[in-house]
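The values are calculated or read from the model by the stated rules, or taken from the named source; none is laboratory data. Every value quoted in this text rests on a predicted model; they were computed, and no experiment measured them. Counting neighbours? That spans all protein chains shown, and the Cβs are built from the backbone with ideal geometry, glycine included. All accessible areas refer to the heavy atoms of the entire protein, side chains included, with ligands and DNA or RNA removed. Shrake-Rupley method; radii C 1.70, N 1.55, O 1.52, S 1.80 Å.
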Amino acid sequence: MKLYLAPGACSLADHIALHEAGLEFDRVKVDLKTRKTEDGQDYSQINPKGYVPTLQFDDGEVLTENVAILSMIADKAPRLTPDGKFGHFRLLEMLTFISTEIHKGFKPFFKANATDQEKKAAGELLGKRFSYLAERMKGDYLFGSRFTVADAYLFVMCLWAQKNGLELPRPLPAFVAHMKARPCVRLALEHEGLAAESTAS
Ligand SMILES: N[C@@H](CCC(=O)N[C@@H](CS)C(=O)NCC(=O)O)C(=O)O
């Protein structure tokens, strides 16, 4: 299995989750500007959507979209799914919220010609979304005392918030610290060349 990623991008969530699941995989870096992989392939041939993440299985089949990839990883490692009879659906609910309401909310911060006004409005909305989750955290992690794949996705969003000068409501700064202390998170950050940057925040 191969994970196509770009350092510090949303694919970091899948990278962390694969390590946490104890699955064997190779990493392939993608240059999102040239759409070339580090081993010289045309990335658009692998994922015509052109963006990361992509998970490619040994038989060549590919899976895209964070929600699908993270759900698949949780399916392979059930301890990374929330407890309860609706655990699977609670996970999908959370991943969808992070994907559509938080991840996509960062768009103005990645758009070269975004105005300060657009960034301010996006920052305010993101603040509300982060607060919604922060107020409902039931322990060190989103669903309680145990890490689930949704935490990997939220962690990347928190790093982006910090990088863009957005203040995270409590207890999210402590959540970021917990995540950074996890060996699998440290490993993924190291593999992406982000370990030093990440300890600075
Ligand atoms: N809906 C996709 C969005 C993925 C996405 O936004 N990827 C970004 C990096 S975080 C990307 O590759 N952007 C480059 C591009 O769109 O050209 C998912 O959740 O997997």
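For segment 112-123, state whether one or more residues are assigned by TED's automatic domain parsing to the domain that holds LEU194 and within 16 Å of the chain's Cα centre (by Cα). Checked against the condition, which is being assigned by TED's automatic domain parsing to the domain that holds LEU194 and within 16 Å of the chain's Cα centre (by Cα), segment 112-123 yields no hits at all. Among the residues of segment 142-177, those identified as within 14 Å of GLU20 (Cα to Cα) and either touching a strand residue (DSSP E or B) at 6+ places or on another chain (Cβ under 8 Å) or open to solvent by 10 Å² or more (accessible area, probe 1.4 Å) (or both) are ARG146, PHE147, THR148, ASP151. Of note, ARG35 does not satisfy the criterion of being open to solvent by 60 Å² or more (accessible area, probe 1.4 Å), in contact with a His (Cβ under 8 Å, 6 or more places away or on another chain) and either within 18 Å of SER99 (Cα to Cα) or at pLDDT 95 or above (or both). Considering (1) surrounded by fewer than 16 Cβ atoms within 10 Å (Cβ to Cβ); (2) away from the ligand (no atom under 11 Å from the Cβ), the lone condition that ILE46 does not fulfil carries the number (1).
Within segment 109-117, is even one residue open to solvent by less than 30 Å² (accessible area, probe 1.4 Å) and in contact (Cβ under 8 Å) with a residue 40 or more places away in the chain? No, segment 109-117 contains no residue that is open to solvent by less than 30 Å² (accessible area, probe 1.4 Å) and in contact (Cβ under 8 Å) with a residue 40 or more places away in the chain.
In segment 63-87, the residues that are open to solvent by 40 Å² or more (accessible area, probe 1.4 Å) form Cβ pairs under 6 Å with partners that are within 16 Å of the ligand (Cβ to nearest atom) and not in a helix (DSSP H, G or I), at six or more places apart or across chains, as follows: LEU63/LEU55.
Checked across segment 7-26, the condition of being touching a helix residue (DSSP H, G or I) at 6+ places or on another chain (Cβ under 6 Å), more than 30 Å from MET137 (Cα to Cα) and within 16 Å of the ligand (Cβ to nearest atom) holds for no residue. Only one entry of PHE155, PHE147, PHE175 meets the criterion of being assigned to a helix (DSSP H, G or I) and touching a residue at least 60 places away in the same chain (Cβ under 8 Å), and that entry is PHE155.
Considering every residue within segment 75-92, establish whether at least one is closer than 27 Å to LEU23 by Cβ, under 17 Å from the mean Cα position of the chain (by Cα) and within 16 Å of the ligand (Cβ to nearest atom). Checked segment 75-92: at least one residue is closer than 27 Å to LEU23 by Cβ, under 17 Å from the mean Cα position of the chain (by Cα) and within 16 Å of the ligand (Cβ to nearest atom).
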